[in-house]
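S.K.: Structure provided below as structure tokens; questions to follow.
The values are calculated or read from the model by the stated rules, or taken from the named source; none is laboratory data. Keep in mind it's a predicted model, so treat the numbers as computed, not measured. Reconstructed Cβ throughout: ideal geometry from the backbone, glycine too, with neighbour counts over all protein chains shown. Areas reflect the complete protein model, heavy atoms only, side chains present, ligands, DNA and RNA absent. Shrake-Rupley method; radii C 1.70, N 1.55, O 1.52, S 1.80 Å.
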Amino acid sequence: ILLAAVASVTENIKLASGVTVLSSAEPVKVYEDFSMLDLISKGRAEIIVGRGSFIESFPLYGYSLGDYEDLFTEKLDLLLKINNEKNVSWKGRLRAPMHNQTVYPRAKNPLPIWIAVGGTPESVQRAAHLGLPLILAIIGGMPIQFKNLIEFYKQEYLKAGHDPEKMQIATHSHTFVSEDPKVIDEYFNKYAAQMDRIGASRGWPAYTKMQYEGGRSKEGALFIGSPDEVAEKINYMKELFGITRFIGHMDVGDPSHETMMKSIELFGNKVAPLVR
């Protein structure tokens, strides 16, 4: 619903889910929603699917965590079939079969479907074997720690016989841009409060200023800083991984509307040109 609202007031930007937790979603409904979004936005919709780093949706929708792996595998198989074939016949273990059925509305062309991963080799290998574009979420530690995973994806992608010219790799990281050093320094308080809210249910220690500054360094995972600093780090990701897209997650910690809008403006008007 939110993406449809965004579609109505924009013309050029791509419209995608941060991640659709496909394991606890219905592939037919996912395709219906995104194909409709694609039609009303004139071809700007993309689907980003993953298993999710939170598990609350499984009991919420009545799924067993014992089927965690199989649910994603089966539902991805069905989603890809719906996306690529008009008349679908499919059979799995955890969902009712489909017999020569068509899902409407149909997008004009097959929708781009990305696989979002958090760092498990199995997920990376699945994306590579299917020839699907990969998004790697890097929200902690040092990006260079993920280099072996990216190389593994490239190796498996080529081994599966897919066209290297069509290979797409993206990274996703927490991002915030300001030209005012004071704003960046004070953003720590909001960012730390958010991390501590999540950490309270996961047993994490309190988030520290040292972690924040370490994350902001060139080798860190936080893309928080001036336009020059953020652009330099994105270009570092290009050199390190060969990424074709960078996704900046900008609302962590609930910054004020004014500073959030300024961050988006700086990202578009200053960071992007520097990266290009």
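S.K.: Please report the spacing between the Cα centers of region 1-32 and region 226-276 in Å, no decimals.
M.R.: Centre-to-centre (Cα) distance: 22 Å.
S.K.: Considering only Cα-Cα distances, which of the following residue pairs are longer than 31 Å: LYS14/LYS233; LYS166/LYS233; LYS81/LYS262? List each step's numbers first, then the result.
M.R.: Details: LYS14/LYS233 22 Å; LYS166/LYS233 24 Å; LYS81/LYS262 41 Å.
LYS81/LYS262, as the Cα separations exceed 31 Å there.
S.K.: Sticking with this one: Please find the FRET efficiency linking ALA4 to ARG106, where r is the Cβ-Cβ separation and R0 is fixed at 22 Å, and quote it to the nearest 0.05. Mind dumping the intermediate values first?
M.R.: Numbers: r = 17 Å, r/R0 = 0.78.
Here the calculated transfer efficiency is 0.80.
S.K.: If you don't mind, another one. Relative contact order (percent) for the chain, with alpha-carbon contacts under 8 angstrom and 6 or more residues of separation?
M.R.: 15 percent
S.K.: Starting from the amide H of ILE48, placed 1.01 Å from N in the peptide plane, find each other amide H under 5 Å away whose residue is 5 or more places distant or on another chain.
M.R.: Answer set, sorted by chain and number: SER17, THR20, TRP114.
S.K.: Would you calculate a helix-derived [θ] at 222 nm for the chain, using -39,500 (n - 2.57) for each DSSP H run of n ≥ 4 and dividing by the full residue count, to the nearest 500? Intermediate values should be presented prior to the final figure.
M.R.: Numbers: 11 runs with 122 residues, N = 276.
Helix-only estimate at 222 nm: -13500 deg cm²/dmol.
S.K.: Now, a different point. Give me the dipole magnitude in Debye, nearest 20, for the chain about the Cα centre, with unit charges on the beta carbon: positive for Lys and Arg, negative for Asp and Glu.
M.R.: On the way: 31 positive and 33 negative charges, 131 e Å.
The calculated dipole for the chain is roughly 620 debye.
S.K.: Right, next: For the chain, modelled as a Gaussian network with Cα springs under 10 Å, which listed residue fluctuates most, LEU15, LEU37, LEU94?
M.R.: Highest fluctuation among the options: LEU94.
S.K.: What number, in percent, do you get for the relative contact order of region 69-130 if the mean sequence gap of Cα pairs under 8 Å and at least 6 apart is divided by its residue count? Don't skip to the answer; put the middle values down first.
M.R.: Details: 37 pairs, mean separation 13.6, N = 62.
This gives 22 percent for region 69-130.
S.K.: Keeping every protein chain present and rolling a 1.4 Å probe, give me the accessible area per residue for region 176-236 in Å². Before the final figure, lay out each step's value.
M.R.: On the way: 3170 Å² over 61 residues.
On a per-residue basis, region 176-236 sits at 52 Å².
S.K.: What is the diffusion coefficient of the chain in µm²/s, taking the Kirkwood radius over Cα pairs and the Stokes-Einstein relation at 25 °C with a viscosity of 0.890 mPa s? The partial results should precede the final answer.
M.R.: On the way: Rh = 20.2 Å.
Using the Kirkwood radius from Cα pairs, D works out to 121 µm²/s.
S.K.: Take the alpha carbon atoms of region 38-57, find their center, do the same for region 175-210, and report the distance between the two centers in whole angstrom.
M.R.: If you average the Cα positions of each part, the centres end up 27 Å apart.
S.K.: Taking the Cα centre of region 1-98 as origin, work out the dipole magnitude from +1 charges on Lys and Arg Cβ and -1 charges on Asp and Glu Cβ, in debye rounded to 20.
M.R.: Numbers: 11 positive and 13 negative charges, 41 e Å.
It works out to roughly 200 debye.
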